[in-house]
Every structure is written in structure tokens, then in C-alpha cells.
1. Using the structure shown, decide if LYS201 is touching a Pro at 6+ places or on another chain (Cβ under 9 Å), among the basic types (Lys, Arg) and either in a helix (DSSP H, G or I) or modelled with pLDDT under 85 (or both).
2. Taking ARG167 as the residue in question, decide whether it is of a type outside the set (Asp, Glu) and either in contact with a Lys or Arg (Cβ under 9 Å, 6 or more places away or on another chain) or farther than 28 Å from GLU194 by Cα (or both).
3. Among the numbered criteria (1) at pLDDT below 90; (2) open to solvent by less than 30 Å² (accessible area, probe 1.4 Å); (3) of a type outside the set (Gly, Ala, Ser), which single criterion is violated by LEU168?
4. What do you reckon, is ASP410 modelled with pLDDT of 95 or more and either over 29 Å from the mean Cα position of the chain (by Cα) or open to solvent by 20 Å² or more (accessible area, probe 1.4 Å) (or both)?
5. Could you run through the stretch 289-311 and say how many residues are assigned to a loop (DSSP other than H, G, I, E, B) and touching a residue at least 40 places away in the same chain (Cβ under 8 Å)?
6. Would a scan of the stretch 318-325 turn up a residue that is at pLDDT 85 or above and part of a strand (DSSP E or B)?
7. Quick one: which of VAL360, VAL387 is surrounded by fewer than 21 Cβ atoms within 10 Å (Cβ to Cβ), touching a strand residue (DSSP E or B) at 6+ places or on another chain (Cβ under 8 Å) and within 18 Å of HIS408 (Cα to Cα)?
8. Check whether at least one residue in the stretch 325-332 is open to solvent by 40 Å² or more (accessible area, probe 1.4 Å) and either in contact with an Asp or Glu (Cβ under 6 Å, 6 or more places away or on another chain) or acidic (Asp, Glu) (or both), and report yes or no.
Amino acid sequence: MYLSIATTHAPATDLGFLLMKHPDRAHDIELSFGRATVFFPQAEAERCEAALILDLDPVALVRGRGGAEGVADQYVNDRPYAASSFLSVALNKAFRTAMTGVSRERPELAATAIPLEIVVAPLPAPRDGDLLERLFAPLGWTVEARRIEGADGPSRYVELRLAGTLRLADALGHLYVLIPAMDADKHYWVGDDEVEKLVAKGGAWLAAHPERETIARRFLKNRRSLARAALARLAPDTEAEEDLEDEKAPPREEALEAPLRLHDRRLDAVVGLLKEAGARSVADLGCGEGRLLQRLVKERGFERVIGLDASTRALERARERLKLDRAGGPSMERLSLLHGALTYRDARWADVDAVALVEVIEHLDADRLPTLVEIVFGAAHPKTVIVTTPNAEYNALFNALPAGAFRHPDHRFEWTRAQFHDWAGAIAERRGYSVALSGIGEEHPDLGPVTQVAVFSR
């Protein structure tokens with residue numbers, strides 16, 4: 001993760017005094033999840049630039065604080081390490097005094113708006129919409145975002161460039177709040193103390209921001225009660241109920257597919273395919289909130305059921321849905337919820353009979369799919385693998401979906417039948433499987449089924 005702050009205020013080298021970092025040397029900051037380094041690639045009277053590089057330690061991420069082994073205490077992510085709450089934590093630790101607006105050597109300058117140029121990369125951003133502009137422009141920033149190219153075209157990540165004349169402390173506060181809000185996720189548990197952080201770092205600017213409800217909701221990982229508590233303190237005279245209730249509206253993909261009852265039909269079909277395969281133990285990779293798991297535990301033929309997901313929030317909801325550890329719920333010996341990534345070897349589920357990847361692969365960047373294939377079909381090598389994914393050709397029948405758009409904003413791709421056929425066939429040939437391709441849900445005579453499914457068997 002990379003962040004740089006530059007100014008042309010004369011003398012520009014006063015930026016070092018504001019940040020309390022000497023431009024002539026590198027400054028290392030130890031963090032619980034890695035190391036941050038601050039250095040000055042340019043330090044001249046006309047222009048001075050300070051850069052913060054964050055290097056994550058994957059072992060520390062998995063180990064968690066104090067070596068805890070609970071679901072919510074580990075963090076493994078299947079995305080590349082991009083600007084997120086990790087960067088906000090590093091920013092606060094590296095420039096803590098500067099964020100308060102205090103400077104012993106340059107107190108007047110700390111209270112003065114100066115020309116600033118900021119670069120953040122790589123930053124996750126929706127492919128459609130104008131969220132970056134909506135979040136940063138009202139604060140006085142000129143926003144430029146360059147989409148970063150991946151192996152198969154533009155990725156979901158951007159290089160963000162901001163330019164404006166602001167107090168440095170205000171600029172740092174904007175970054176601290178808005179960088180994690182772009183991803184609506186955090187690498188640690190979000191509770192009441194996060195409301196305190198949001199109020200402290202947001203202050204007056206957030207109370208007046210036209211997108212304050214969106215920012216509060218995303219900063220607090222979409223926890224409505226916490227967002228309301230924060231907004232009540234930031235803008236007590238503003239009614240936020242209507243905006244926060246928008247969370248109840250289904251995502252675009254769900255809204256498009258709801259009239260077809262596709263979600264239920266897809267899960268029921270997968271359960272049926274797993275039963276046909278004779279599976280006794282199943283791992284649902286990318287299990288989300290546990291809807292497939294809920295069906296699987298009702299079938300006594302599945303003696304061991306495992307759900308894996310990278311989102312602790314989703315796992316918490318799955319735990320509630322499945323009544324795990326509660327009277328009337330499944331035993332922990334029969335059902336396990338695991339926090340982990342699809343693209344890391346994991347012995348906790350590698351010995352199952354069958355793996356289900358239900359509407360999962362399209363959420364991965366294409367250059368990470370080979371790693372997923374290696375983990376599932378190579379390292380684990382179960383007897384059965386079931387993969388479902390949208391049929392891009394069928395999208396033409398969704399009147400509410402703009403031409404060329406994906407069903408869900410987080411999808412990295414959506415394949416035609418030919419593309420899915422080629423991908424599945426290559427896996428079967430190289431990994432020693434046979435594969436049967438079919439569809440789930442409505443089927444158009446020319447465009448095919450709404451959902452594609454591949455059943456790999458060995």
C-alpha cells in the first residue's frame with residue numbers, strides 16, 4: 001500500500017516539521033500486522049513529498065492478536081493487499097501529532113490551508129458509479145482516479161490522486177475516514193469505540209458532508225445501529241432513518257434475480273447435485289451468510305459441513321442464522337465455520353468429499369483464478385466440485401441492467417457459456433476430472449440458462 005503527500009507551499013520542506021519526520025532519513029514504524037516506512041522522495045524548497053509504504057506481514061495477519069484462534073480474531077483476505085483500514089491505522093500511528101493539527105516548530109503553518117497533492121494506491125473502487133467523487137469533492141478536493149489494469153483488463157483498483165488547498169490535519173482526517181469507507185470493510189472487530197474514532201476524526205467536516213450517512217455506514221461496516229449512533233452525535237438535528245433504511249433494499253443482483261426465485265432454486269439444485277454425488281462431507285467455499293449451509297445441515301446424509309469465508313461479518317451472520325452454539329442448532333462436530341481465504345491452502349477443509357463454489361469465482365480477479373484452481377483441484381483434490389456462475393449472455397433479458405454491466409458491482413467478470421465451457425474443460429483435462437455442464441433456473445432458447453453450473457467428478 002502506498003500513500004504520498006506533497007506540497008508546493010514555500011518553503012515546501014516545512015512539510016517535514018508538520019509531519020514530525022526529518023526529510024533526510026527513512027522512518028520505520030512497527031505495527032501489529034507489518035511495518036510502515038515514511039521517507040521523502042523529494043525534499044526541495046519548491047516541492048516536498050512524503051511517502052508512506054505499508055508492508056503487511058501475512059503471518060502476523062493469520063496469527064491475530066495474542067495468538068487468538070477465534071473466527072473473529074484472524075484475518076485472511078483473498079484480495080491483493082490494497083489501501084484499506086490497515087492504511088488508516090498506519091497513517092494514524094505515523095502521523096498522530098500531525099492529525100491533531102499541532103506543530104511545535106510551525107504552529108501557524110499547521111493552522112493554515114496549504115496546496116496539497118495526495119496519491120493513494122491501490123485503492124478499491126466500484127467500477128460503476130462516482131463514489132470517489134461524491135466522497136472527496138465536497139471536501140474541496142479535485143479528484144482523479146486511474147483504473148489499474150489487471151491481467152484481463154481494468155481491475156477494481158484505482159490510483160487515486162487528490163489536489164486541493166487544505167490544512168494538513170484536515171487532509172489526514174479525510175484519508176483516515178474515507179479510505180476504509182471505500183471498501184466498507186475492516187480488518188478488526190467494529191464496536192462502539194469505532195463510533196468514537198469516526199466522531200473524533202470526522203468532526204465538523206463529516207457532519208456537513210452530503211454523503212455523511214454513506215460514509216458512516218461504510219466506515220462502520222454497515223452496522224446500522226452504530227451508524228445511527230455516530231450520526232446522532234455528528235448531526236443531532238438531522239433525520240438519517242430514511243437513508244439508513246436503504247440498506248434493506250436488496251443488492252442489484254438479488255433484485256434482478258428475485259422474480260425468477262433464482263437464489264432458492266440455485267441452492268436447492270446444488271444440494272440435489274451433492275446428494276447425487278454421494279458426498280458425506282462438504283465444504284462451502286465463500287459461504288457468505290450461510291444460506292447453503294442452512295440447507296445442508298437439514299440433510300442428515302451430510303455428516304460434516306464446513307463453511308469458509310474471508311468476511312468475519314458474514315460469518316457472524318451465518319453463526320446467527322445457523323444457531324451455532326445454541327440450543328436446537330447443529331453441533332460443532334458436524335458444522336464448522338472457518339475464517340480464511342479461497343486462495344490459501346487450508347488443511348481444515350482439504351479432506352472433504354465435495355466442494356461447492358456457488359456464485360464465487362466471478363468475485364475473484366481473473367489473475368487469481370489459477371491459484372484457486374490449484375488449491376481446490378490440486379491441493380485438496382476432492383471427489384466432487386460444483387461451481388455455479390452467472391451466464392453473461394442471459395443478462396440481455398434483464399431490462400433493468402445497463403448493457404455491458406455486471407449483475408453485481410463486485411463481480412470481476414461474467415462469462416458466456418463458451419468461456420465457462422473452455423475454463424471448466426481445461427481444468428478437467430489437466431486435473432483428472434470429468435465435467436458435466438448444465439444450467440439452473442430459466443433457460444432461453446438462444447441465450448441459455450440464467451445460471452451456469454459445472455459438476456466436476458473424479
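The values are calculated or read from the model by the stated rules, or taken from the named source; none is laboratory data. Because the structure is a prediction, the values reported are computed rather than measured. All Cβ positions, glycine included, derive from the backbone under ideal geometry; neighbour counts span all protein chains shown. Side chains included, ligands, DNA and RNA excluded: accessible areas come from the protein's heavy atoms. Shrake-Rupley method; radii C 1.70, N 1.55, O 1.52, S 1.80 Å.
1. On the way: touching a Pro at 6+ places or on another chain (Cβ under 9 Å): no; among the basic types (Lys, Arg): yes; either in a helix (DSSP H, G or I) or modelled with pLDDT under 85 (or both): yes.
So LYS201 does not fit the description; no.
2. Numbers: of a type outside the set (Asp, Glu): yes; either in contact with a Lys or Arg (Cβ under 9 Å, 6 or more places away or on another chain) or farther than 28 Å from GLU194 by Cα (or both): no.
So ARG167 fails the test.
3. (1) is the only condition that LEU168 fails.
4. Values: modelled with pLDDT of 95 or more: no; either over 29 Å from the mean Cα position of the chain (by Cα) or open to solvent by 20 Å² or more (accessible area, probe 1.4 Å) (or both): yes.
The answer is no for ASP410.
5. 3
6. Within the stretch 318-325, not a single residue is at pLDDT 85 or above and part of a strand (DSSP E or B).
7. Details: VAL387 fails: surrounded by fewer than 21 Cβ atoms within 10 Å (Cβ to Cβ).
Checking each option against the conditions leaves just VAL360.
8. Here is the first cut: in the stretch 325-332, the ones open to solvent by 40 Å² or more (accessible area, probe 1.4 Å) are 325-328, 331-332.
With the extra rule that they be either in contact with an Asp or Glu (Cβ under 6 Å, 6 or more places away or on another chain) or acidic (Asp, Glu) (or both), the set shrinks to 325.
Taking every residue of the stretch 325-332 in turn, at least one turns out to be open to solvent by 40 Å² or more (accessible area, probe 1.4 Å) and either in contact with an Asp or Glu (Cβ under 6 Å, 6 or more places away or on another chain) or acidic (Asp, Glu) (or both).
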